[in-house]
Amino acid sequence: MGQGLGRPERSKFVRLEEYQTIMTVEEEEEETQHPADASEKHSQKLKSICGLADLKNAVGLYNIGLSCCLNSLLQVFFMNRHFTAILRRIKVPFDAVDQKQSVPYQMLLLLEAMQRGKQKSVHPVALARCLSNHGVKLFVLYDASQLYLIFWNLIKSQITNLDLAENLTELYTIRLQEYLVCQKCLLETKKNSSMLMLPLPMFNHDSQRVWTLEDSLHCFFTPEHLTGDNMCHCERCDKETTCLQGVKVTRLPQTLTLHLKRFCSRHGNATRKISHYLSFPQTLDFSQILMPEQYQADFPEEGTGLYDLFAVVAHSGSASCGHYCAYIWSLPEHKWYCFNDSSVCQVAWDDVKSTFGHTGLHWSETAYLLVYRKKESATAV
Ligand code: ZN
């Protein structure tokens with residue numbers, strides 16, 4: 001597969017305003033004239049979703065104007081059957097106005113359109129409009145890590161069933177413990193924290209390039225000596241002392257998102273993209289990567305820390321002008337797909353590997369977000 005997939009599909013752009021009119025005339029008329037019928041239609045739609053299996057055929061999403069980032073993230077959510085299992089159980093807002101404002105409900109409708117329709121691609125206009133109502137700007141190329149966080153928080157905050165919202169948190173949240181040890185008196189202070197993504201460095205503490213994901217993870221979890229201007233105040237010593245600062249994992253979620261910090265801004269300069277090579281494996285074993293003291297699971301019964309690569313959100317272009325697409329492993333089919341807006345095609349692992357990056361090709365497609373899924377036993381469905 002060539003790098004051609006990394007280009008935006010300008011010929012297939014549909015202006016949001018134009019499409020809104022085309023799409024909503026019938027729906028809005030029906031809602032105005034027969035609100036009960038419209039509501040009944042919505043619930044029929046939902047019933048039909050519940051009876052369907054997971055996405056069997058890969059379906060594209062039209063680019064409605066710089067929406068490649070949103071489209072890529074949507075595909076990553078929709079191809080995750082643990083996520084769709086939660087989405088299908090949401091409580092549907094009763095009121096039509098609330099339905100239009102509900103991000104999870106609009107996602108559910110979009111998923112339904114992708115599953116039920118015979119089209120190769122669908123327009124994510126209603127969802128984009130809903131996101132826009134919640135402050136997500138349209139026609140702006142987002143940083144995928146920022147949009148992922150905004151999007152995920154919107155979904156979680158709008159799931160009204162507390163158990164489901166908790167399930168969503170457990171599915172994605174990485175739990176960590178930050179620690180600070182005074183090197184003079186050895187007083188240790190700890191703080192629990194959680195993250196949706198691990199922000200992984202492209203350079204080590206000595207500003208040397210990191211070449212593999214495993215090394216980047218090592219760097220993230222390697223404690224740092226805080227000296228000089230970075231010294232911290234120790235309560236016991238009652239003065240600024242040299243400290244050892246680090247972080248350890250206490251829980252790894254089923255869906256683990258890693259963020260390669262390829263966009264950086266130093267000394268107030270414009271953001272630039274780091275395109276250099278960084279490989280990532282199809283299977284990641286945290287018990288091999290982290291020292292026992294860096295991985296202290298709160299619930300050891302939850303698994304051994306063995307993960308399979310599930311999705312790669314890749315970016316091509318520069319920091320100020322680029323394009324996103326997503327490579328996703330289809331669990332039912334055991335195949336990789338490349339979702340590039342409305343264009344979806346089956347690819348090989350070698351194509352996914354082409355996103356490792358290359359120092360000399362600054363515009364080439366490079367992996368930006370990596371999503372791993374916890375390895376399940378052979379009997380798990
Ligand atoms: Zn001290």
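Side notes on the structure shown:
- Carbon + sulfur, % of accessible area of the range 69-172 - ligands and nucleic acids excluded, 1.4 Å: 54 percent
- Our coupling estimate for the range 59-71, obtained by passing each phi through the Karplus curve with A = 6.51, B = -1.76, C = 1.60 and θ = phi - 60°, is 10, x, 10, 5, 7, 9, x, 6, 9, 4, 5, 4, 4 Hz, Gly and Pro reported as x.
- Gained length - Q177 relative to N153, 0.36 nm times residue gap less alpha-carbon distance: 6.5 nm
- Links that overshoot a 31 Å alpha carbon limit, given the list K261/K374; K191/K374; K191/K261; K184/K261; K91/K261; K100/K261: K184/K261; K91/K261; K100/K261
- Per residue accessible area of the range 114-267, 1.4 Å probe, in Å²: 51 Å²
- Amide H within-cut-off set for Y62, under 5 Å, with H built and near neighbours excluded: V122, H123
- Backbone amide hydrogens, once placed in the peptide plane, bring T212 within less than 5 Å of S279, excluding anything fewer than 5 places away on its chain.
- Sequentially through the range 186-201, phi angles give Karplus couplings (6.51, -1.76, 1.60; θ = phi - 60°) of 6, 5, 10, 10, 10, 9, 7, 8, 9, 9, 8, 9, 8, x, 9, x Hz, Gly and Pro residues having no value and appearing as x.
- Ligands, DNA and RNA left out, the accessible area of the range 214-357 computed with a 1.4 Å probe is 48% carbon and sulfur.
- Under Karplus coefficients 6.51, -1.76 and 1.60, residue-wise ³J(HN,Hα) of the range 130-145 in Hz, glycine/proline x: 5, 4, 4, 5, 9, x, 7, 6, 9, 6, 10, 7, 7, 6, 4, 5
The values are calculated or read from the model by the stated rules, or taken from the named source; none is laboratory data. Nothing here was measured: the structure is a model prediction, and the numbers come from that model. These area figures cover heavy atoms from the full protein model, side chains too; ligands, DNA and RNA do not enter into them. Shrake-Rupley method; radii C 1.70, N 1.55, O 1.52, S 1.80 Å.
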